[in-house]
Amino acid sequence: MSAPERQGSFWCEQGWVNGAVVAGVRLEIDAAGTVTGTETGVPARSGDCLLAGVTFPAASNAHSHAFHRVLRGRTHAAGPGSFWTWREHMYETAGALTPELYEQLATAVFTEMVVTGWTSVAEFHYVHHQPDGSAYVQEHAMERALARAAVAAGIRLTLLDTCYLAGGFDAPLSAAQLRFGDRDGAAWLQRLASLRAAIAAEFDPAQVSVGAALHSVRGVPEEELELISRKLPADLPLHIHLSEQPAENDACREATGLTPALLLAKHGLVTRRLSAVHATHLSEEDMTALGNAGATVVMCPSTEADLADGIGPAAELQAAGARIALGTDQHAVVDPWLEMRALEHGERLRSGERGRFAPADLHAAVSRAGAESQGRRAPGLAAGDTCDLMSVDPGSIRTAGSDPGQLALTATAADVHTVVVGGRILARHGRHTVLGDPAALLSAAVAALDASRRSPTPAATTEDP
């Protein structure tokens, strides 16, 4: 089935414009899927595509590991656990991936994102090679698989090719990590340049682009940070897992005398293009450095709760000058509305105060800041915005009676009835207009991966599946 046609205009019964909900919002859309004109308080015109309920800028997912979706509901063993015990399950799943299986799984995961209101995603990708660390014959086989999956689902993909060189401070990659690694920073930069050229030649940059990531300070030795700081192209967004665990901070201080954030700052990597993911356990100096740089901090509240990471100082970071974005990370939940609410609820639990993030702050975090962290134009209803929209039912069992401007505190993805990507309607009532029910896609993809793990493991091959 082909993609739906792009609409030339939309009329929204109510819409989020300039931080408030107003009635009768009419949008003009150009051939590139950009909003060229916005009117408010006007009736619909003949030919307009009508969007009932309340229409908001779509969500921009600032942190994702697509293959982690397999772990949902499968890692909660009896007895105590932690991020580090969960990580063993993650490595097992990573080891089973092939380009074919990953394309199937990522297509399903990206489809789930689209129908719930996410229309762009920063995919933090480090499963580059075969399990033994050898390359596929088809160059960038895993990366191309993810790009094809994004095209199939219609989501905008920023593929964050990740530098992952060590298993910890002064520790080599473990056997489970071999497929993540490159020889050194120079080899990663070379592969990244090749990937950028390959993706640009094959895919529309409005659909698929390439960014950069460092896995973590424990995954990239300090001597490589200086090289990467000098050689990484200035036009690329840069993401990193930062201070997710106290153990990471302790190890970094022991090895370098600095916190992870200050180690990055020492090498000139804390800048406006940086997105620090999690940033849960920070010092005052860390927050000042990130804030002064205008860096983005990507909070993933449902994942941080699921992994017992802790609650990061989001309000203090925003007050210091950092931008707050949101991501689904390991996909314990794929729901922009629940991530917004969890951000505010975490602040309430941590501070004992309500309203730390106003609804306008939450919408900015889930849409504009996430898009900026990917180097993309923001979604929205204003002229110049990308026409990526999600329309919500204000009269459901969850939202009935809510002030339309406070739906961030009551709605869930189940209330999203229409999703627009670049002026095209890609989801209606939880179903993708091209691929259908994401639950069926997810079930099939997880079953295929499970079946592959039950089969005898073939010897490593340099043939591309």
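Taking a ≥ b ≥ c as the square roots of the eigenvalues of the Cα gyration tensor, segment 62-183 is classed as oblate, since a/c reaches at least 1.5 and a/b does not exceed b/c.
How much of the accessible area of segment 336-465, probe 1.4 Å, is carbon plus sulfur, in whole percent?
Values: 2930 of 5540 Å².
Answer for segment 336-465: carbon and sulfur cover 53 percent of the accessible area.
At a 1.4 Å probe radius, carbon and sulfur cover how many percent of the accessible area of segment 63-221?
Working: 2840 of 5190 Å².
So the carbon and sulfur contribution to the accessible surface is 55 percent.
For segment 132-268, the C-alpha radius of gyration sits at 1.10 times the compact-globule guess of 2.2 N^0.38 Å, with N the residue count. At the residue level, Arg253 shows approximately 110 square angstrom of accessible surface with a 1.4 angstrom probe and all protein chains present.
Please calculate how many Å² of accessible area segment 163-231 carries per residue, with a 1.4 Å probe and no DNA, RNA or ligand atoms counted. Could the numbers behind the result be given before it?
Working: 2890 Å² over 69 residues.
Here the per-residue accessible area is 42 Å².
Summarised in one figure, the compactness ratio Rg/Rh of segment 228-384, Cα atoms and Kirkwood Rh, is 0.96.
Give the accessible surface of segment 45-104 per residue, rounded to a whole number of Å², with probe radius 1.4 Å and ligands, DNA and RNA excluded. List each step's numbers first, then the result.
Details: 2460 Å² over 60 residues.
Accessible area per residue: 41 Å².
Across the options Gly79, Gly117, Ala176, the greatest Cα extent toward the positive end of the charge dipole of segment 76-193 (unit charges at beta carbon of Lys, Arg, Asp, Glu) belongs to Gly117.
What area, in nm² and to one decimal, does the C-alpha convex hull of the chain cast on average over all directions? Intermediate results must be reported in sequence, preceding the final value.
Working: hull surface 86.2 nm².
Hull-based average projected area comes out at 21.6 nm².
On the basis of the beta-carbon distance and an R0 of 25 Å, His429 and Leu349 show a calculated FRET efficiency of 0.15.
Taking every alpha-carbon pair within segment 171-225, the share separated by more than 17 Å comes to 47 percent. The residues of segment 314-405 expose, per residue, 35 Å² of accessible area to a 1.4 Å probe.
Note the full-extension length gain between Val22 and Leu50 as 0.36 nm times their separation in residues minus their Cα-Cα distance, in nm to one decimal. Kindly include the intermediate steps, with their values, before the conclusion.
Working: separation 28, 0.36 × 28 = 10.08 nm, distance 1.54 nm.
Gain on stretching Val22 to Leu50: 8.5 nm.
Distance between Cα centroids, segment 262-301 to segment 112-159: provide it in whole Å. Segment 262-301 and segment 112-159 have Cα centres spaced 26 Å from each other.
Please list 134-141, 378-385, 200-207, 258-265 highest first by mean number of surrounding beta-carbon atoms within 10 Å per residue.
Sorting 134-141, 378-385, 200-207, 258-265 by mean packing, highest first, produces 258-265, 378-385, 134-141, 200-207.
Can you classify segment 252-315 as rounded, prolate or oblate using the Cα gyration tensor, where a ≥ b ≥ c are the square roots of its eigenvalues, rounded means a/c under 1.5, and otherwise it's prolate if a/b beats b/c and oblate if not?
Working: a/c = 2.09, a/b = 1.36, b/c = 1.54.
It comes out oblate by the Cα gyration axes.
Summed over qualifying helices (DSSP H, 4 residues or more, each -39500 (n - 2.57)) and divided by its residue number, the chain shows a 222 nm mean residue ellipticity of -10000 deg cm²/dmol. Summarised as an ellipsoid, segment 336-415 has semi-axes of 22, 18, 10 Å, derived from the eigenvalues of the Cα gyration tensor scaled by 5 and square-rooted, with the largest first. Between rounded, prolate and oblate, where does segment 300-379 land on the alpha carbon gyration tensor, with a ≥ b ≥ c its root eigenvalues, rounded for a/c under 1.5, else prolate if a/b exceeds b/c? Oblate shape, in that a/c is at least 1.5 and b/c is the bigger or equal ratio.
The values are calculated or read from the model by the stated rules, or taken from the named source; none is laboratory data. Remember, it's a predicted structure, so these values are computed and weren't measured experimentally. A quick note on method: Cβ atoms are made from the backbone with ideal geometry, for glycine too, and the neighbour counts reach across all protein chains shown. Only protein heavy atoms, including side chains, enter the accessible area calculation; ligands, DNA and RNA are left aside. Shrake-Rupley method; radii C 1.70, N 1.55, O 1.52, S 1.80 Å.
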